[in-house]
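These notes are about the structure you will find just below.
The values are calculated or read from the model by the stated rules, or taken from the named source; none is laboratory data. Just so you know, these numbers come straight off a predicted model, no measurement behind them. With ideal geometry, Cβ positions are generated from the backbone for all residues, glycine too; neighbour counts draw on all protein chains shown. The accessibility values were calculated without ligands, DNA or RNA, using every heavy atom of the protein model including side chains. Shrake-Rupley method; radii C 1.70, N 1.55, O 1.52, S 1.80 Å.
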Amino acid sequence: MKLKAMYSFLSDDLAAVEEELERTVRSEYGPLGEAALHLLQAGGKRIRPVFVLLAARFGRYDFERVKHVAVALELIHMASLVHDDVIDDADVRRGRPTIKARWSNRFAMYTGDYLFARSLERMAELDSPRAHQVLAKTIVEVCRGEIEQIKDKYRFDQPLRTYLRRIRRKTALLIAASCQLGALAAGAPEAVANQLYWFGHCVGMSFQITDDILDFTGTEEQLGKPAGSDLQQGNVTLPVLYALCDEQVRAKITAVNADTDAEEMAAVLAAIKQTDAIERSYALSDRYLEKALRLLGELPANEARTLLHDLALYIGKRDY
């Protein structure tokens, strides 16, 4: 089943979120709005807004209230992508030039800052100190994850716990916050919001591990960027950490740098795929996914729970 078909009953609300996003990123200063729209119009799965809207179904669903949370969380995600592309010196995202490639590094950094500010502006529409605390803490942790990614570039001796901590801050916490804040905005019980938080955390860990696997197994057309881009940019992901256990492959991996040519990268990718790194990575992703589904099963039964179950399975098992 395709992703959009899973939550087709939310299609009107998601379309409204998309309109709100476009309206929010527009700026009186033309180039800034143009850059933000450039990223927005490149598309995306809008996973975070979907989690917000579904989690809100565990309380008193009011789209006019919940939409502010959905927009804010997607804007934070967009801001992190813009900053990521500067850190990684990436020229392509989703098959289109990145903001830093089309404009400049400085322009991209300020665009990311602008998107963060717009997210806070949207959340200000919500009269909930608790929700504001959660959002602020989430932004702090996302920023810490970005700094850790910079520090850990080409650090091939890093332990597994360093990788897991980094993806928790960069990816899992934003999905966890989407679930928690959606529930809080709808007035769901604190216990339900907390359970949704941990469900989202585990789904987010599985999501990022799967994403890191696809960087080696996906095609450039599917990924919107060359396969192996993460490794070439110095991002040491789970398949790399597992493949480093093979001494012969280790020598090839540790020789990778930003100037490694396409032929050499193809040889490195082939070597990694000949190890058990991909299978071991999927196994860990599955463990997080199984935990997420156990947590979800403890929540009140409703249509949203069924859809969250299907969405979690899609995220953990997707092939692009």
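Among the conditions (1) without any contact (Cβ under 8 Å) to a residue 60 or more places away in the chain; (2) buried (at least 22 other Cβ atoms within 10 Å of the Cβ); (3) in contact with a strand residue (DSSP E or B) (Cβ under 9 Å, 6 or more places away or on another chain), the only one that Gln41 does not satisfy is (2). Scanning the stretch 25-43 for residues that are touching a helix residue (DSSP H, G or I) at 6+ places or on another chain (Cβ under 8 Å) and either aliphatic (A, V, I, L, M) or within 30 Å of Gln195 (Cβ to Cβ) (or both) turns up Val25, Leu32, Ala35, Ala36, Leu37, Leu39, Leu40. Assessment of the stretch 250-264 against the conditions (open to solvent by 60 Å² or more (accessible area, probe 1.4 Å), free of Cβ contacts under 8 Å to residues at least 40 places away in the same chain and under 18 Å from His201 (Cβ atoms)) yields no matching residue.
Going by the structure shown, is Arg60 closer than 17 Å to Ala183 by Cα, touching a residue at least 24 places away in the same chain (Cβ under 8 Å) and either open to solvent by 10 Å² or more (accessible area, probe 1.4 Å) or within 18 Å of the chain's Cα centre (by Cα) (or both)? Against the criterion (closer than 17 Å to Ala183 by Cα, touching a residue at least 24 places away in the same chain (Cβ under 8 Å) and either open to solvent by 10 Å² or more (accessible area, probe 1.4 Å) or within 18 Å of the chain's Cα centre (by Cα) (or both)), Arg60 qualifies.
Tell me, yes or no, whether the stretch 274-285 has at least one residue that is surrounded by fewer than 17 Cβ atoms within 10 Å (Cβ to Cβ) and either without any contact (Cβ under 8 Å) to a residue 12 or more places away in the chain or over 29 Å from Tyr154 (Cβ atoms) (or both). Taking every residue of the stretch 274-285 in turn, at least one turns out to be surrounded by fewer than 17 Cβ atoms within 10 Å (Cβ to Cβ) and either without any contact (Cβ under 8 Å) to a residue 12 or more places away in the chain or over 29 Å from Tyr154 (Cβ atoms) (or both).
Screening Pro226, Pro189 for residues that are farther than 20 Å from Leu284 by Cα, open to solvent by 10 Å² or more (accessible area, probe 1.4 Å) and touching a strand residue (DSSP E or B) at 6+ places or on another chain (Cβ under 9 Å) leaves exactly one candidate, Pro226. Screening Leu293 on (1) under 22 Å from the mean Cα position of the chain (by Cα); (2) farther than 22 Å from Arg94 by Cα; (3) touching a residue at least 60 places away in the same chain (Cβ under 8 Å) shows it passes everything except condition (3).
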